[in-house]
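Peer 1: Have a look at the structure that comes next, please.
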Amino acid sequence: MTYEEILTRYEPVIGLETHVELGTRTKMFCGCKTDFGAEPNTQVCPVCLALPGALPVANRAGIEATIRIGLALNCDIAEWCRMARKNYFYPDMPKNFQTSQYDEPLCTDGYVDVTVDGKEYRIGIERVHLEEDTGKTLHVGGATGRIHGATESLVDYNRAGIPLVEIVTKPVPGLGALAPEIAKAYVAELRDIIRSLDVSDVRMEQGSMRCDVNTSLNRPGEEWGTRTETKNVNSLRSVERAVRSEIIRQSGILDEGGKIFQETRHFQETTGDTRPGRSKETATDYRYFPEPDLVPIAPDPAWVAELKAALPEKPSAKRARLREEWGMSELDMQSATNAGAVELIEETIAAGASPAGARKWWLGELARRANEQGIELAEVGATPAQVAALQKLVDDGKLNDKLARQVLEGVVAGEGEPAAVMTARGLEVVNDTGALTAAVDEAIAANPDIAAKIRDGKVAAAGALVGAVMKTTRGQADAKTVRELILERLGV
Amino acid sequence: MTDLTRMSAADLSKLITAKEVSAVEVATAHLDRISAVDDRVHAFLHVDREGALEAAARVDRGEVTGPLAGVPIAVKDVVTTKGIPTTAASKILEGWKPPYDATIVERLKKAGMPILGKTNMDEFAMGSSTEYSAYGPTNNPWDLGRIPGGSGGGSAAALAAYEAPLAIGTDTGGSIRQPGAVTGTVGAKPTYGGTSRYGLIAFSSSLDTPGPCARTVEDAALLHAVIAGHDPRDSTSIPQPVPDVVAAARLGKQGDLSGVKLGVVKEFTGDGSEPGVSAAFKDSLEALVKLGAEIVEVSCPNFQYALPAYYLIAPSECSSNLARFDGVRYGLREGDDGNRSLEEVMSLTREAGFGAEVKRRIIIGTYALSSGYYDAYYGQAQKVRTLITRDFQSAFEKVDVLVSPTTPFVAFPFGSRTSDPYQMYLADLFTIPTNLYGGPAISVPCGLSEGLPVGFQIMAPTMADDRMYRVAAALESAVGTLTPPAL
């Protein structure tokens with residue numbers, strides 16, 4: 001049974017719940033720092049450890065970021081709402097309740113438009129609400145780092161209390177076979193929007209953005225099926241695979257007349273399958289109630305209007321505009337977006353480079369380096385201004401492509417600005433005809449056969465002599481000048 | 001020289017400021033008194049002799065000054081004190097030393113008030129008799145066979161036994177006022193949000209209010225002024241100036257209440273109170289009329305639902321607030337022998353760590369908040385709370401303050417109500433409406449019934465704490481203070 005055949009008999013309904021860790025300087029309900037990777041339990045205080053008597057106070061920056069996300073997703077912003085307590089037990093959750101939002105979310109009823117295969121799809125947003133993260137449990141003494149076989153469990157509360165925003169879509173029916181691709185495109189679009197707001201680094205691999213994927217299947221014309229929830233999917237590709245594998249798995253059960261149980265499932269990165277987790281048959285009663293330790297949130301409508309007016313250009317609109325301005329193909333633009341290069345290219349052009357020049361360095365040499373080192377393009381070690389300066393040296397004929405790559409290497413290694421690196425490494429193109437004539441004559445003398453061919457009119461053979469001259473001048477000669485000299489010396 | 005332990009805080013302060021006595025002498029006198037009588041009263045769970053004397057010495061060296069500098073104080077054990085054990089009278093926190101001070105404790109220290117120690121209470125402030133302390137009850141200095149009220153029985157008894165001139169209490173449903181009433185002392189619940197809850201081990205967050213316990217109204221006002229005021233660490237703390245309660249108390253002391261309208265709550269004057277309590281209350285009203293006050297009967301029809309609403313809201317919040325006591329980070333941990341699951345360790349810890357009343361309320365609250373019952377119980381109770389607030393608001397359109405007895409009965413003998421929780425809950429019948437509303441209220445001694453103190457309650461609109469102090473001081477000037485029998 002192929003995937004396409006399955007989709008002729010079943011209609012998928014998907015829904016996504018995305019958690020985004022906000023990049024606020026301090027935690028949501030206390031003044032502790034939020035630096036990633038700090039020593040365990042060094043960013044904690046009585047409040048985030050839930051010591052007896054400690055009380056939360058809401059971080060305005062967290063509320064502001066949530067409202068901006070809501071506005072960017074076309075949501076209505078509540079004029080008055082409250083935080084709620086979600087009561088459940090977990091060893092790394094200090095209060096044994098999570099301060100979250102329940103029936104009074106800060107943002108409701110928005111949408112995100114995504115384009116797949118040239119067609120636009122609208123994904124409805126049910127709600128955007130604010131909550132706090134938990135700590136992390138580490139199991140030590142065992143071979144695997146898992147709880148089985150561990151001799152001790154240690155808890156790191158540094159992450160406890162970091163603001164999280166949860167973005168919940170409405171159930172999305174009618175996507176057919178494209179459901180997995182559209183789910184992926186939605187998460188990508190969401191990531192770009194949030195990145196453009198500068199409220200989170202939205203790194204799925206570091207867990208600052210995590211996705212739960214809900215999938216159900218129904219036969220055409222029938223009611224929606226029972227959904228499963230695949231937890232903590234942590235890459236765009238996995239979002240797509242998780243939806244697809246759930247569609248295949250559920251159709252297999254339904255084909256045999258079986259029933260889908262509402263349950264939590266876990267995505268297996270290695271196999272692309274989902275495995276069962278906690279059954280929802282014994283659903284937890286979270287005993288939600290309004291958080292009495294926090295005053296209600298009542299954002300001033302004037303402030304919300306101000307935030308709305310100051311929203312950055314939508315990434316999709318910006319991409320379309322820039323693609324036009326830069327004369328790039330859809331595919332090039334896509335890879336620039338995926339590499340996080342759009343802003344860098346933009347700044348490089350602003351610093352004086354041509355769009356083609358800027359694109360060449362960021363999507364070529366620098367993207368390759370970032371990839372090799374597993375880092376973000378922005379961290380690769382060159383600034384847009386440096387890239388623009390480099391390209392100008394090429395445009396001015398002071399560097400050729402090969403030499404420019406060597407200069408860039410020096411820039412990335414921290415040897416200084418492009419012009420300085422060029423001088424220090426002695427990489428400038430040699431245009432001095434006198435010095436080149438000797439090298440050309442030498443090449444002609446060493447390759448009499450080729451010289452004869454050229455004299456006979458086979459001008460294309462000159463390339464071989466150019467190569468030989470480049471070799472003796474270690475690439476520093478200007479190829480165009482060399483070629484002209486060769487033809488001149490051979491009297492062609 | 002007169003006995004320093006018998007003096008009011010205001011008088012002690014005068015002597016210390018005039019350098020007629022040293023703060024160390026004052027602290028020593030109280031510490032010695034504690035040593036002499038506390039084995040019979042058991043007002044204290046922990047005495048910090050060293051810390052108190054050190055703080056007193058700083059005052060004597062002139063390092064700290066202020067209206068109450070050098071006046072010692074006892075602090076209810078539900079308020080965190082850095083480095084001093086804080087247990088909320090529960091086994092689950094036995095020996096826990098907080099790494100930080102509650103905001104009100106910071107303010108006491110800044111004011112130069114030596115902290116004598118931590119006072120006994122009902123476990124996690126749940127109770128009306130201090131019989132639910134995990135460390136044994138406190139005895140009422142008026143009759144050692146009777147309860148000192150609850151949950152702040154330790155703080156009230158410490159005052160009545162002259163072990164401390166001032167104490168800190170917390171009031172969730174009457175835990176400052178009811179012990180004040182049954183020990184013949186003054187207890188004030190400030191406006192909710194007027195005093196910071198930061199560092200107060202939470203029982204019911206939307207109700208808990210720390211406040212002053214004293215032997216005179218002026219002393220209570222002086223302490224109120226030290227601890228009240230906005231605290232950015234408590235989101236529910238009110239960012240407004242504190243009313244001048246000290247001036248109001250001094251004004252009231254002059255005994256003139258002309259033009260002041262006192263509302264008598266009709267629903268509180270019917271049955272329910274002991275005859276002696278009703279009589280003392282009536283006599284006090286007459287005394288207040290003589291000072292020029294006008295008595296107006298007002299109806300607050302929803303007050304009759306306050307008790308059931310409270311006994312849904314408070315346990316609901318407590319079931320969530322006490323969830324943090326799980327044996328993971330601090331306090332007791334039972335059964336962690338390497339062979340038991342997390343759930344088993346948590347369960348054994350709570351089984352051993354929480355007393356019966358605490359468990360009862362956690363179970364009630366868990367039930368009331370559960371999804372199938374939320375609307376019927378918690379939701380309904382919140383609606384009642386709104387109605388009670390409206391009762392107060394409409395009453396305060398007609399009168400300046402509301403008055404009632406503080407408790408329907410005087411101190412009862414130990415064990416007489418523990419077998420019937422509902423009988424115990426009735427002790428807070430008159431005090432609870434104010435907590436649901438959030439306004440301030442005070443209990444002032446107003447006479448005796450069967451040789452035991454009776455309390456008079458004055459309730460005011462939110463942030464009108466000064467108004468209640470004025471009436472309270474006037475009443476005190478008319479009926480005098482009470483002196484317990486010698487221990």
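The numbers here are math on the coordinates, done by the rules we state, and not lab data. Values in this document were obtained by computation on a predicted structure and should not be read as measured data. Cβ atoms come from the backbone with ideal geometry, glycine included; neighbour counts cover every protein chain shown.
Peer 1: To the nearest whole number, what is the average tally of beta carbon atoms from other chains within 10 Å of the beta carbons of peptide B:317-325? Before the final figure, lay out each step's value.
Peer 2: On the way: counts 5, 0, 4, 10, 7, 2, 10, 10, 3.
Mean number of neighbouring Cβ atoms from other chains: 6.
Peer 1: Contour minus end-to-end for A:Ala446 and A:Glu5, with contour as 0.36 nm per residue of separation and end-to-end as the Cα-Cα distance?
Peer 2: Full extension from A:Ala446 to A:Glu5 adds 152.0 nm.
Peer 1: List every residue whose amide H lies under 5 Å from the amide H of B:His46, counting only residues 5 or more places away in sequence or on a different chain, with H placed 1.01 Å from N in the peptide plane.
Peer 2: Amide H to amide H, under 5 Å and 5 or more residues apart or across chains, B:His46 pairs with B:Lys118.
Peer 1: Looking at chain B, send over the antiparallel percent of its DSSP beta bridges, to the nearest 5.
Peer 2: Details: 31 of 46 bridges.
In chain B, DSSP labels about 65 percent of beta bridges as antiparallel.
Peer 1: How would you rank B:35-46, A:234-245, B:366-377, B:158-169, highest first, on the average number of other Cβ atoms within 10 Å across their residues? Walk me through the numbers before you get to the answer.
Peer 2: Details: B:35-46: 19.0, A:234-245: 21.3, B:366-377: 16.5, B:158-169: 29.7.
Packing order, densest peptide first, comes out as B:158-169, A:234-245, B:35-46, B:366-377.
Peer 1: State log₁₀ I(q)/I(0) for segment A:393-492 at q = 0.12, 0.15, 0.22, 0.23 Å⁻¹ as given by the Debye formula over alpha-carbon point scatterers of equal weight, solvent excluded.
Peer 2: Values, matching the q order: -0.43, -0.61, -1.01, -1.07.
Peer 1: Quickly rank A:359-365, A:373-379, B:298-304 as a protection proxy: mean count of other C-beta atoms within 10 Å, highest first.
Peer 2: Numbers: A:359-365: 20.4, A:373-379: 12.1, B:298-304: 18.1.
The packing order, highest mean first, is A:359-365, B:298-304, A:373-379.
Peer 1: What Kirkwood hydrodynamic radius do you get for segment A:1-138 when you take the inverse of the mean 1/r over all pairs of distinct Cα atoms, in Å? Write out the running numbers ahead of the final one.
Peer 2: Details: mean 1/r = 0.0564 Å⁻¹.
Radius from the Kirkwood sum: 17.7 Å.
Peer 1: A further question on this structure: In whole angstrom, note down how far apart the Cα centers of segment A:7-84 and segment B:68-141 are.
Peer 2: Using only Cα atoms to place each centre, the spacing works out to 35 Å.
Peer 1: Using alpha carbon centroids, what distance separates segment B:421-439 and segment B:25-42, in Å?
Peer 2: 32
Peer 1: Can you give me the distance in nm between label points at A:Glu152 and B:Ala486, each placed 7 Å from the Cα along the Cα-to-Cβ direction?
Peer 2: Between A:Glu152 and B:Ala486, the simple spin-label model gives 6.0 nm.
Peer 1: So for chain A, considering every pair of alpha-carbon atoms, how many percent are separated by more than 35 Å?
Peer 2: Details: 60055 of 120786 pairs.
Counting every Cα pair in chain A, those more than 35 Å apart make up 50 percent.
Peer 1: Here is a follow-up. Pop out the ³J(HN,Hα) list for segment B:97-114 in order, Karplus 6.51 cos²θ - 1.76 cosθ + 1.60 with θ = phi - 60°, rounded to Hz; leave Gly and Pro as x.
Peer 2: Result, ordered by residue: 10, x, x, 8, 8, 5, 4, 5, 5, 4, 6, 5, 5, 5, 7, x, 9, x Hz.
Peer 1: Kindly point out, ordered by number, any Cys in the protein assembly as shown whose beta-carbon has no other cysteine beta-carbon under 4.7 Å away.
Peer 2: So far as the 4.7 Å Cβ criterion goes, A:Cys30, A:Cys32, A:Cys45, A:Cys48, A:Cys81, A:Cys211, B:Cys213, B:Cys300, B:Cys318, B:Cys446 stand without a partner in the protein assembly as shown.
Peer 1: Report ³J(HN,Hα) in whole Hz for each residue of segment A:444-453, in order, from the Karplus equation J = 6.51 cos²θ - 1.76 cosθ + 1.60 where θ = phi - 60°; Gly and Pro get x.
Peer 2: Computed from phi, the couplings for segment A:444-453 are 5, 5, 7, 10, x, 4, 5, 4, 5, 4 Hz.
Peer 1: Could you give log10 I(q)/I(0) at q = 0.06, 0.08 Å⁻¹ for the protein assembly as shown, computed by the Debye formula over C-alpha point scatterers of equal weight, without solvent?
Peer 2: Evaluating at q = 0.06, 0.08 Å⁻¹ gives log10 I(q)/I(0) of -0.59, -0.86.
Peer 1: How high is the FRET efficiency between B:Thr65 and B:Glu20 when r is their beta carbon distance and R₀ equals 22 Å, given to the nearest 0.05? Can you show the working numbers first?
Peer 2: Details: r = 16 Å, r/R0 = 0.72.
The value I calculate is 0.90.
Peer 1: If you stretched the chain out fully between A:Glu306 and A:Tyr90, how much longer would it get, using 0.36 nm times the residue separation minus the C-alpha to C-alpha distance? Display every interim value, and only then the final one.
Peer 2: Values: separation 216, 0.36 × 216 = 77.76 nm, distance 3.96 nm.
Gain in length upon complete extension: 73.8 nm.
Peer 1: Too long at a 30 Å Cα-Cα cut-off: which of A:Lys170/A:Lys259; A:Lys86/A:Lys170; A:Lys119/A:Lys392? Before the final figure, lay out each step's value.
Peer 2: On the way: A:Lys170/A:Lys259 24 Å; A:Lys86/A:Lys170 22 Å; A:Lys119/A:Lys392 40 Å.
Violating the 30 Å Cα-Cα cut-off are A:Lys119/A:Lys392.
Peer 1: Suppose each label sits 7 Å from its Cα in the direction of the beta carbon; what would the A:Asp198-A:Ala298 distance come out to in nanometres?
Peer 2: With each label point 7 Å from Cα toward Cβ, the separation is 3.2 nm.
Peer 1: If you don't mind, there's one more thing I want to ask. Give me, ordered by chain and number, the residues 5 or more places off A:Val430 or on other chains with an amide H under 5 Å from its own placed amide H.
Peer 2: Residues meeting the criterion, in which the H sits 1.01 Å from N, are A:Ala477, A:Asp478.
Peer 1: Next question. Just flag the chymotrypsin sites (Phe, Trp or Tyr not before Pro) in segment A:224-291 sitting in loop per DSSP whose Cβ has no more than 13 other Cβ atoms within 10 Å. Can you show the working numbers first?
Peer 2: Numbers: sites: A:Trp224, A:Phe261, A:Phe267, A:Tyr286, A:Tyr288; in loops: A:Trp224, A:Phe261, A:Tyr286, A:Tyr288.
Within segment A:224-291, the qualifying chymotrypsin sites (Phe, Trp or Tyr not before Pro) (loop, at most 13 other Cβ atoms within 10 Å) are A:Trp224, A:Phe261.
Peer 1: I'd like the orientation of helix A:60-72 relative to chain A: the angle between its Cα long axis and the longest Cα principal axis, in ° from 0 to 90, rounded to 10.
Peer 2: 70
Peer 1: Looking at this model, which pairs from B:Lys266/B:Lys290; B:Lys76/B:Lys383; A:Lys33/B:Lys97 are more than 28 angstrom apart at the alpha-carbon? Don't jump to the answer; show the numbers that get you there.
Peer 2: Details: B:Lys266/B:Lys290 21 Å; B:Lys76/B:Lys383 32 Å; A:Lys33/B:Lys97 25 Å.
Too far apart for the 28 Å limit: B:Lys76/B:Lys383.
Peer 1: Suppose only helical runs count, i.e. DSSP H with n ≥ 4. What mean residue ellipticity at 222 nm does that imply for chain B under -39500 (n - 2.57) per run, divided by all residues and rounded to the nearest 500 deg cm²/dmol?
Peer 2: Working: 16 runs with 183 residues, N = 487.
Taken over chain B, the calculation gives -11500 deg cm²/dmol.
Peer 1: If you don't mind, another one. At 7 Å along Cα-to-Cβ for each site, give me the label-to-label distance between A:Thr42 and B:Arg329 in nm.
Peer 2: If labels sit at A:Thr42 and B:Arg329, their model points lie 2.0 nm apart.
Peer 1: Using the Karplus equation 6.51 cos²θ - 1.76 cosθ + 1.60 (θ = phi - 60°), what ³J(HN,Hα) coupling, rounded to whole Hz, does each residue of segment A:477-492 give in order, writing x for Gly and Pro?
Peer 2: 6, 8, 4, 5, 4, 4, 4, 4, 4, 4, 4, 5, 5, 8, x, 8
Peer 1: Mind checking which of A:Ala356, B:Ser205, A:Ala84 is farthest towards the positive end of the protein assembly as shown's charge dipole, using Cβ charges of +1 (Lys, Arg) and -1 (Asp, Glu) about the Cα centre?
Peer 2: Final value for the positive-end residue is A:Ala356.
Peer 1: Further, regarding this structure: Let me have the relative contact order for chain A, percent, based on Cα pairs under 8 Å that are six or more residues apart.
Peer 2: Working: 881 pairs, mean separation 65.9, N = 492.
For chain A, the relative contact order is 13 percent.
Peer 1: Apply 1/(1 + (r/R0)^6) to the Cβ-Cβ distance of B:Arg6 and B:Asp39, taking R0 = 30 Å, and write down the FRET efficiency to the nearest 0.05.
Peer 2: 0.90
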